[in-house]
Structure formats: C-alpha cells, structure tokens
Amino acid sequence: MSHQQPLSSSVQPTDIYGGDEVSALVLDPGYCNTRAGYAGEEMPKQVLPSFYGHINGRDVFGDEYIVPKPGFEVRNYMNRDSVVEDWDAATRMWEHVLVKRLQPERSTPPSKKGINIGDDGDVPMEDDGNNNEDATDALEKPLAENPLLMTEAPWNSPKAREKAIEISMETWGVPAFWLSKTPVLAAFAAGKATALVIDVGGANTSVTAIHDGMVLKRSIQRSPVGGVWLSSQISKMWDGSEPKVDVVPRFMVESKKPVEAGAPAEANLRKFNFDIHPSFRAYEEERVLTEFKESVVEVWRGPQRFTTPGTEDAVRTQPGRVFEMPDGSNQMWREQRFKVSEGMWDETAAYNNTDEEGRVTKAQTIPALIKAALEGVDVDLRPNILGNVVVTGSTSLLNGFNDRLNHELAQMYPGVKIKIHAAGLTTERRFGAWIGGSILASLGTFHQMWISRKEYDENGAGIVEKRCK
C-alpha cells in the first residue's frame with residue numbers, strides 16, 4: 001500500500017503556496033449543485049445549480065435566471081455519472097462562480113481608463129512590447145492569485161482530469177492546482193483518514209473504502225439509486241395512486257384556494273403565449289418532488305424489511321404526513337412514504353421494477369454496494385473500516401436513513417464493531433466533500449503538495465495523473 005509521501009526537498013516545488021496572504025479556492029462540482037468558496041471557511045460561499053439556462057444561443061447561470069421564457073431550455077454540464085459532459089459549458093459555469101460570484105470587482109488599470117494619455121493625446125508606449133503584453137496577460141487572467149483545489153468523482157477518467165488542470169492553468173492562470181477525490185474529502189471532513197464512505201447524492205450513490213487518505217480502487221462501487229432515482233419513484237407512486245396525483249409546478253399557479261384533503265384542487269393556472277420547453281417543465285417538477293422528499297419521505301427503520309408481512313398494515317394505523325401541492329390539492333401519506341424509499345435497500349420493493357428505465361437490480365441496492373466494496377478490501381483492514389463508516393450526501397438526510405443503515409450493517413457483519421459517523425448539521429452532510437477540501441487546502445502541511453505553475457509548464461497536463469493519486 002503506497003502512502004502519499006511529502007516530496008523530498010530536492011523535488012519540492014520551489015514556490016510554496018498558502019499562508020494567510022493568499023486564500024485558496026475550493027470548487028466542488030456535482031450533478032445537482034456546484035459549490036465554491038475559500039479554503040479555511042466552514043461553508044461554501046456560493047452554491048449554484050449545475051443546471052443552467054440556454055436561450056438564443058447563450059448560457060445563463062444561477063437559479064434566479066431559470067424562469068419561463070420562449071425557447072428557454074434547461075441543460076446540465078454533467079452527466080448522471082457525475083462526470084463533466086460539456087466542457088465548454090462547465091468552464092463558463094465554473095468561471096462564473098469562481099470569478100463573478102466570489103471575486104470582488106477588479107478596478108480597471110489606469111492605462112485602460114485614459115489617465116495616462118499625454119498632453120498631445122498619445123499614450124506613451126513601452127519599448128519592449130512583448131514584456132508589456134505578458135504583464136497585461138498575467139493581470140487579466142482571472143485567478144492568477146488563487147491556488148485552486150477541485151474535487152472529482154473516484155471514477156473520473158484520466159482525460160477529464162487533464163482537461164481540468166489545463167483549464168485552470170491555461171484559461172484562468174491559477175498559480176497552483178490540486179485535484180482530490182470526493183470520498184477522501186468527505187472522510188477528512190469527518191476527521192477520518194481511514195473510512196468507508198457512503199455518499200448518497202443526487203445522481204447516484206457510491207461506496208468507497210479509504211485507507212490512510214487514499215482511495216482503495218478495487219472498493220469503488222456506485223449505483224444510480226440516488227435523489228433523482230427517488231424522485232422517479234415518487235412520480236411512479238403518484239401515477240399509480242387513487243386518485244392519480246398530477247404535478248403542477250409552482251410557476252404555473254397564479255392563485256389557489258384551500259381545499260379539503262383528497263378534494264380536487266381549486267386553482268387558477270397561468271396562461272403562457274409560448275410553448276414551455278419540456279426541460280424547463282421537468283426542472284420545475286423536480287423542485288416539487290424534492291420538497292416532497294424532504295418533508296414526507298422516510299426510510300423504514302427496521303429491524304425487519306418493510307416487505308415483511310404485517311409491516312405495511314401496522315404503518316397504516318400510525319399518523320401520516322400531509323403534503324400540499326403547489327395548486328392547493330393535499331393528501332395524507334402513510335405507508336407509501338416508506339415504500340417509496342424501500343427500493344434503495346430491497347430491490348423487490350421498488351415501484352414499477354419491471355420497466356427497463358429506472359429498474360433496480362439487487363447489486364445496485366445500498367447493502368449490496370457495501371458488501372461489494374468490502375470484498376474489494378484486504379480482510380485485515382475490514383474491521384477498522386467498519387468502525388469508521390462515514391455517511392454523506394443530501395439524500396442521506398432522509399429520516400431514518402442512519403438507523404436502517406445500522407440495522408443492515410449489523411445483520412451483514414455480526415460480531416464486528418460498527419460505528420457510523422453522520423454529521424448532525426444538514427449543511428455538513430450536503431457539503432461534506434467541499435468542507436473536506438476547505439480543511440485540506442488550508443493545512444500548513446498541504447502547501448508543499450500543490451502542483452505549481454512551474455511544474456505544469458515543465459511536465460504538461462500529465463502531471464495530474466502522477467501527483468494526484
């Protein structure tokens with residue numbers, strides 16, 4: 001097992017970055033949100049949706065710009081594997097969040113303001129045009145003063161990693177760069193160098209074993225069973241319920257009247273004199289589904305499975321939760337709110353598990369991912385790893401998730417001491433990888449690890465494969 005040793009003094013970067021004068025930037029791109037901020041801070045300063053608007057051939061970033069307009073399309077620069085798909089859009093989105101949203105407005109250099117114009121109206125020119133151009137170029141690179149730490153999925157491709165350092169160095173002119181894997185940073189955020197990281201995010205769920213701050217490659221497991229999959233389960237449940245539940249997104253409701261539970265909605269809907277793009281409608285429907293997930297859906301705590309005979313009947317006798325749709329229609333949800341998340345643990349309980357799209361196999365359930373991840377780890381390391389289970393990701397905030405995880409682990413590994421570390425604060429669970437990056441980039445001992453500009457110039461983009469293991 002190779003440890004990540006600090007560089008010996010003979011090969012250490014000549015420029016050491018860090019200290020109080022220069023604050024490093026931390027960028028954590030994900031499928032649902034892109035998070036950015038300064039190292040050493042507790043929370044990202046900016047959290048933007050990774051979805052962006054495309055209208056009349058240009059892109060607009062930020063939730064406040066995602067509004068109904070003719071021809072307004074909603075896109076995402078990432079694919080469902082949390083890997084960048086559209087690099088042009090990704091570069092623009094990252095630059096928007098790192099430069100426009102995080103950096104203060106730069107003052108225009110005097111030479112651009114016409115202050116230096118002589119009496120005769122001419123601007124004095126330097127003799128050495130090349131040097132002047134280089135100096136101006138260095139000034140105009142947007143991130144020339146900030147080292148940048150960026151996160152990536154553990155299965156990111158070498159080509160994508162090289163592209164990330166290339167953009168940072170060539171386009172933004174960062175003085176130093178580092179690329180870290182999200183599970184490692186989530187473990188650091190929990191104060192662990194060795195851990196089993198269960199990351200239940202928006203696009204997918206991954207289980208990764210970390211040993212001494214390094215990802216054990218054979219342990220990496222992932223499945224599409226995340227927040228977006230859970231939304232599709234809720235949609236299927238609503239389609240099949242009696243009466244069928246129609247999702248009316250908030251932007252379509254002009255006014256509504258309160259109605260009794262189960263009664264049809266009494267709402268006035270907005271009329272648009274243009275066609276709403278299906279991608280915009282889907283984005284807005286996802287907001288309603290997210291609200292339902294956060295306020296109604298729960299995980300069946302166990303110890304037995306939810307599909308065990310008699311469990312559903314017992315739940316029906318307990319108080320449920322009422323959810324009101326944007327159009328005012330509302331309904332009580334009892335056993336359905338447990339059933340909708342059960343597919344994460346037991347593939348037989350998932351809704352419409354017969355159709356190809358969104359079908360869950362046994363291997364994609366959380367217990368199976370954990371089992372497969374631990375089978376890829378040396379037997380001697382397993383007890384230590386199971387004693388440090390780190391839970392992160394927004395979808396892990398479902399009520400009852402940790403209790404169920406504890407029961408499942410205890411059944412799978414009887415006699416082994418299992419300890420689950422799940423941050424109590426919702427922000428820490430949502431931004432686990434970003435917080436880990438913030439801690440790492442602000443450590444004094446990390447300053448010698450950065451890939452410096454000089455190293456990049458000497459070795460090219462391939463350096464990221466050698467250094468960021």
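The values are calculated or read from the model by the stated rules, or taken from the named source; none is laboratory data. The structure presented is a predicted model; accordingly, all values stated were derived computationally and were not measured. Note that we place each Cβ from the backbone using ideal geometry, even for glycine, and neighbour counts take in every protein chain shown. Please note that ligands, DNA and RNA were not included when accessible areas were found on the heavy atoms of the full protein model with its side chains. Shrake-Rupley method; radii C 1.70, N 1.55, O 1.52, S 1.80 Å.
Within the stretch 57-74, residues that are buried (at least 16 other Cβ atoms within 10 Å of the Cβ) have Cβ atoms under 8 Å from residues that are of a type in the set (D, E, K, R) and outside any strand (DSSP E or B) in these pairs: 59/92; 61/92, counting only partners at least 6 apart in sequence or on another chain. Is it the case that residue 408 is assigned to a helix (DSSP H, G or I), open to solvent by less than 30 Å² (accessible area, probe 1.4 Å), of a type outside the set (Val, Ile, Thr) and within 22 Å of residue 230 (Cα to Cα)? Yes: the conditions hold for residue 408.
Do the conditions hold for residue 382, that is, is it in contact with a helix residue (DSSP H, G or I) (Cβ under 9 Å, 6 or more places away or on another chain), at pLDDT below 95 and surrounded by fewer than 18 Cβ atoms within 10 Å (Cβ to Cβ)? Give the derivation first.
Values: in contact with a helix residue (DSSP H, G or I) (Cβ under 9 Å, 6 or more places away or on another chain): yes; at pLDDT below 95: no; surrounded by fewer than 18 Cβ atoms within 10 Å (Cβ to Cβ): yes.
No: the conditions fail for residue 382.
Here is a yes/no grid of residues against (1) in a helix (DSSP H, G or I); (2) touching a strand residue (DSSP E or B) at 6+ places or on another chain (Cβ under 8 Å):
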residue: 303; (1), (2): no, no
residue: 319; (1), (2): no, no
residue: 322; (1), (2): no, yes
residue: 332; (1), (2): no, yes
residue: 337; (1), (2): yes, yes
residue: 340; (1), (2): yes, no
residue: 345; (1), (2): no, no
residue: 348; (1), (2): yes, no
residue: 352; (1), (2): no, no
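Hey, among 184, 197, 207, 225, which residue is in a helix (DSSP H, G or I), within 27 Å of residue 369 (Cα to Cα) and β-branched (Val, Ile, Thr)? Lay out the reasoning, then the answer.
Working: 197 fails: in a helix (DSSP H, G or I); 207 fails: in a helix (DSSP H, G or I); 225 fails: in a helix (DSSP H, G or I).
Among 184, 197, 207, 225, only 184 is in a helix (DSSP H, G or I), within 27 Å of residue 369 (Cα to Cα) and β-branched (Val, Ile, Thr).
To keep it simple, each residue is scored yes or no on (1) surrounded by 24 or more Cβ atoms within 10 Å (Cβ to Cβ); (2) more than 29 Å from residue 103 (Cβ to Cβ); (3) among the hydroxyl-bearing types (Ser, Thr, Tyr).
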site: 168; (1), (2), (3): yes, no, yes
site: 184; (1), (2), (3): yes, no, no
site: 188; (1), (2), (3): yes, no, no
site: 193; (1), (2), (3): no, yes, no
site: 200; (1), (2), (3): yes, yes, no
site: 220; (1), (2), (3): no, yes, no
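Hey, can you tell me all the residues within the stretch 399-418 that are touching a Leu at 6+ places or on another chain (Cβ under 8 Å) and under 20 Å from residue 301 (Cβ atoms)? Those that are touching a Leu at 6+ places or on another chain (Cβ under 8 Å) and under 20 Å from residue 301 (Cβ atoms): 409, 413, 418.
Would you confirm, using the coordinates I've provided, whether residue 247 is in a loop (DSSP other than H, G, I, E, B), open to solvent by 20 Å² or more (accessible area, probe 1.4 Å) and in contact with a helix residue (DSSP H, G or I) (Cβ under 7 Å, 6 or more places away or on another chain)?
Details: in a loop (DSSP other than H, G, I, E, B): yes; open to solvent by 20 Å² or more (accessible area, probe 1.4 Å): yes; in contact with a helix residue (DSSP H, G or I) (Cβ under 7 Å, 6 or more places away or on another chain): yes.
Here the answer is yes, as residue 247 does meet what is asked.
Looking only at residues in the stretch 136-180 that are within 27 Å of residue 216 (Cβ to Cβ) and among the β-branched types (Val, Ile, Thr), which one is farthest from the chain's Cα centre (by Cα)? Looking at the filtered set, the residue picked out is 165. Note on the stretch 411-447: among residues that are charged (D, E, K, R) and exposed (fewer than 14 other Cβ atoms within 10 Å of the Cβ), the one that is nearest to residue 149 (Cα to Cα) is 419.
Given (1) in contact with a helix residue (DSSP H, G or I) (Cβ under 6 Å, 6 or more places away or on another chain); (2) assigned to a helix (DSSP H, G or I); (3) within 25 Å of residue 302 (Cβ to Cβ); (4) open to solvent by 20 Å² or more (accessible area, probe 1.4 Å), where does residue 465 come up short, assuming only one miss? Answer for residue 465: the failing condition is (3). Of all residues in the stretch 303-329, those satisfying the criterion of being of a type outside the set (Val, Ile, Thr) and either in contact (Cβ under 8 Å) with a residue 24 or more places away in the chain or at positive phi (or both) are 303, 305, 306, 310, 312, 321, 323, 325, 326, 327, 328, 329.
Conditions (1) within 26 Å of residue 383 (Cα to Cα); (2) free of Cβ contacts under 8 Å to residues at least 12 places away in the same chain; (3) touching a Ser or Thr at 6+ places or on another chain (Cβ under 9 Å); (4) among the hydroxyl-bearing types (Ser, Thr, Tyr), marked per residue:
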position	(1), (2), (3), (4)
213	yes, no, yes, no
224	no, no, yes, no
232	no, no, no, yes
239	no, yes, no, no
250	no, no, no, no
272	no, no, no, no
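One line per residue, one yes/no per condition, for (1) closer than 20 Å to residue 336 by Cβ; (2) loosely packed, with under 15 Cβ neighbours inside 10 Å:
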site	(1), (2)
258	no, yes
265	yes, no
280	no, no
291	yes, no
301	yes, no
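Checking 416, 391 one by one, the residue that is more than 20 Å from residue 39 (Cα to Cα), touching a residue at least 12 places away in the same chain (Cβ under 8 Å) and part of a loop (DSSP other than H, G, I, E, B) is 416 and no other.
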